[in-house]
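Derivation of every value follows stated rules applied to the coordinates shown; laboratory data play no part. Small disclaimer: the values here were computed from a predicted structure and weren't measured. Reconstructed Cβ throughout: ideal geometry from the backbone, glycine too, with neighbour counts over all protein chains shown.
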Amino acid sequence: MEWPTEESLWNNGSNRVMETPILVFFSYVLWDAMHEGSNQRKRIQYLIRLNLVDTSRRADSSTSIPKSPNFTILYSIFSSSSSSSLTSHLILSSSFQSLLHCGMWVSSVDLGFISSDTLRLYAIFRSGIPGRPTHGMETVLKGEDAADWVYRGEGAANLVLAYTGSSQAFIGKVMRIQKAPINGSQRARSPTAFSKYEYLLWGDIGNLVSSSDRDTAAQTFVQRVMSPLLGSKHVDAGKLILVSREFLELAEKNVSSQRPSWRVNAGKIDTQRDYVLILSDHSIFPHGALVGEPCISVEIKPKCGFLPFSRFISHGNAVKRCMTRFRMHQALKLHQEEISEFSDYDPLDLFSGSKDRILKAIKDLFSTPQNNFRVFLNGSLIFGALGGSAESTDVIVGEAFEDALKSVILADDGLCTTSLLQLVTETLYKSGVLDRLLEVQKLDSLDIEGAIHAYYDVISEPCVVCGQLNEDEELHRYASLHSLPLDQSLKIVKNFLIAATAKDCSLMISFRPREGEEWGSSNNTIRLESTGQFFDYKVYFIDLDLKPMKKMEEYYELDKKIVSLYRKIEKGKVGFTCVCEFWRCRVCVAHVYIWTFIQELVGKARVLCIMVQCNGCSWLYPSLKNERLKRYEKEGKSTKKLETF
Ligand SMILES: O=P(O)(O)O[C@@H]1[C@@H](OP(=O)(O)O)[C@H](OP(=O)(O)O)[C@H](O)[C@H](OP(=O)(O)O)[C@H]1OP(=O)(O)O
Ligand SMILES: Nc1ncnc2c1ncn2[C@@H]1O[C@H](COP(=O)(O)OP(=O)(O)OP(=O)(O)O)[C@@H](O)[C@H]1O
């Protein structure tokens with residue numbers, strides 16, 4: 001179906017003359033709804049016409065118009081489901097408010113007649129841009145559908161459910177639902193509308209800011225920004241569908257017992273949302289799980305794979321040039337008890353381009369998976385932690401994993417895991433996805449220490465960072481950034497945010513054994529040397545969310561915190577001591593080895609974690625921390641320091 005021309009649409013609609021429009025936008029109102037659904041009653045009859053006046057030309061104007069030539073606007077209307085009554089509505093939606101924020105004054109809003117019995121809020125897209133991401137927008141999942149969706153995982157921002165029902169439309173799909181923070185949790189709710197500066201930033205990207213809400217914008221961002229950069233073959237932007245409040249409430253209730261408790265305390269499904277995103281389930285092949293073909297899927301969150309090279313990194317933070325952000329962040333996470341051990345993984349290995357180093361990285365991810373490594377068999381998790389961070393792999397976990405792999409990897413006893421890790425390495429090496437990802441990550445060429453200055457210029461505020469600098473030399477260094485024209489500052493911030501998405505996304509690499517030992521017709525077949533098996537494979541990026549521009553300040557603060565703790569460690573002001581003792585188990589008199597990790601910070605020390613190695617005797621753990629503390633105090637060891645536990 002061809003898109004109509006602007007002219008033809010307009011001629012069919014209201015033909016009133018506009019008052020001195022500076023910017024006029026025509027909407028192709030729910031073109032999908034007109035052509036996708038067989039139900040003619042869903043036809044939207046007219047279009048909406050906005051006359052937007054540049055407020056800078058009004059005598060009473062106190063705001064000025066942004067200077068972006070490709071400035072796009074978003075707005076929402078109510079659409080109809082019946083053609084009987086004729087009603088026109090002026091809707092001052094949050095979108096309109098955003099528009100007003102941008103210095104635009106809506107001089108008049110001419111609505112064509114929109115028949116409406118049932119009013120529903122729909123997204124309207126800027127004219128003339130085909131391929132909008134709204135196909136299937138009419139689908140509404142209701143309360144009774146919630147039982148078909150089961151918990152698959154979650155991150156900080158979204159909860160993901162997998163479909164188990166029998167509707168052809170959803171078989172092989174997962175649903176990604178935005179979460180809202182619970183009061184008191186640190187994470188700020190992701191804004192539902194763009195700030196005026198985000199309009200400036202993303203205004204030239206297709207219909208990104210003309211999307212009526214952040215859900216649609218997020219999807220457009222994946223489609224128009226990340227997919228071309230990472231390769232459309234590896235990106236699924238998904239499809240937004242409407243869901244009822246009842247569906248979201250029931251889904252929340254159904255999955256809460258499977259969620260990690262700390263995630264439950266931090267956030268819940270945002271039941272105020274109208275849309276959820278439907279994506280292909282990358283942990284299975286289309287219909288794979290149904291016809292009984294096994295599918296192994298490996299999820300990797302690689303994080304940043306390069307050392308920053310920016311000249312704007314201050315002398316004091318030079319350590320960033322030789323130590324990865326990931327590894328320095330590990331120290332902070334350990335300090336904040338977010339993890340119990342350092343990860344063995346180094347992103348520089350994964351992104352090295354050397355097969356041996358990639359294999360090393362995969363092995364390290366396997367031994368310390370945290371939230372960077374998971375494995376699914378036919379869509380069910382068999383390794384790693386659902387929705388959170390996994391402890392280091394011990395013998396028991398390792399053996400269970402080895403057993404689970406036996407149905408897919410035909411290796412000798414004890415060699416399935418090694419074979420899988422080799423298979424993942426080969427595939428990553430062959431597919432070239434890591435090289436592409438690295439290129440996108442490197443769009444951050446100035447580091448946050450440079451980009452933050454451009455950010456303050458974009459938001460037209462005095463630079464807080466420069467305000468805190470004492471040394472002229474440093475001020476001088478950043479002066480060049482502050483003298484850049486606005487379009488260049490915008491480019492810096494934009495590239496930084498795109499890179500931030502690339503540093504936080506994950507990869508899903510899925511394998512399905514081929515029938516017969518032969519290469520398939522497609523390029524997506526790989527041979528596992530150790531077993532001689534052939535596998536179809538697919539590689540997809542997930543979690544390519546647009547990062548809010550407001551996060552720039554958080555990025556700067558977190559960077560400071562990570563580097564400052566790491567520098568303290570380097571200077572020996574923070575030490576990690578490991579004490580190993582030998583006990584007899586109180587229950588089974590077996591040997592118990594106890595490793596106590598003590599962290600010493602300037603002026604204080606604390607027991608970070610205690611590892612007990614005894615078959616079946618981990619019951620000792622809870623009481624150990626206090627015993628340790630008392631003993632240290634008795635021995636007079638660092639008693640003054642031992643204040644936080
Ligand atoms: O800042 P980082 O590197 O800790 O990354 C955050 C992730 O932490 P990680 O270190 O990978 O455990 C964090 O992951 P977790 O919640 O820790 O699983 C999120 O991915 C967060 O992104 P957003 O706030 O959901 O948009 C991530 O925030 P961004 O920095 O990507 O905005
Ligand atoms: N398309 C998909 N197919 C299969 N599983 C998926 C898919 N998308 C997400 N998942 C699973 O759901 C989990 C959470 O999804 P996602 O990473 O998108 O959440 P998030 O909140 O955006 O994460 P973050 O904390 O990194 O921002 C993933 O770790 C993955 O296991």
Mind jotting down a quarter of the surface of the convex hull over the alpha carbons of the range 388-531, in square nanometres, one decimal?
14.0
For K568 and E399 in one chain, what is 0.36 nm times their gap in residues minus the Cα-Cα distance, to one decimal in nm?
56.9 nm
Karplus-derived HN-Hα couplings along the range 539-545 (A = 6.51, B = -1.76, C = 1.60, θ = phi - 60°), whole Hz, x at Gly and Pro
10, 10, 8, 10, 6, 9, 5
Square roots of five times the C-alpha gyration tensor eigenvalues of the range 300-361, ordered largest first and given in whole Å, equal 20, 19, 8
Under 19 Å from a label point 7 Å along Cα→Cβ of E473: give me every residue in the range 311-348 with its amide N that close.
311-321
Long-range HN-HN contacts of D344 with modeled amide H, under 5 Å
T368
Taking Lys and Arg as +1 and Asp and Glu as -1, residues besides L279 with C-beta under 12 Å from its C-beta add up to +1
With a sphere of radius 13 Å drawn around the Cβ of S166, what net charge do the other residues whose Cβ falls strictly inside it have (Lys, Arg +1; Asp, Glu -1)?
-1
What number comes out for the charge environment of I562, summing +1 per Lys or Arg and -1 per Asp or Glu over other residues with Cβ under 13 Å away?
+2
For each pair in K253/K301; K333/K503; K320/K568, compute the distance between the two Cα atoms and list the pairs where it is over 20 Å.
K253/K301
Label-point separation, A156 to V464 (7 Å along Cα→Cβ), nm
1.6
For Q533, residues with placed amide H under 5 Å, excluding near neighbours
L528
Quick one: of K355/K442; K355/K538; K179/K551, which pairs are farther than 27 Å apart, Cα to Cα?
none
Simple label model, 7 Å out from Cα along Cβ direction - L415 to E553, nm:
5.8
Subtract the Cα-Cα distance of K442 and K491 from 0.36 nm times their separation in residues, and report this length gain in nm to one decimal.
16.3 nm
Across the range 317-322, in residue order, what do the Karplus-derived ³J(HN,Hα) couplings come to in whole Hz, using 6.51 cos²θ - 1.76 cosθ + 1.60 with θ = phi - 60° and x for Gly and Pro?
9, 4, 4, 4, 6, 10
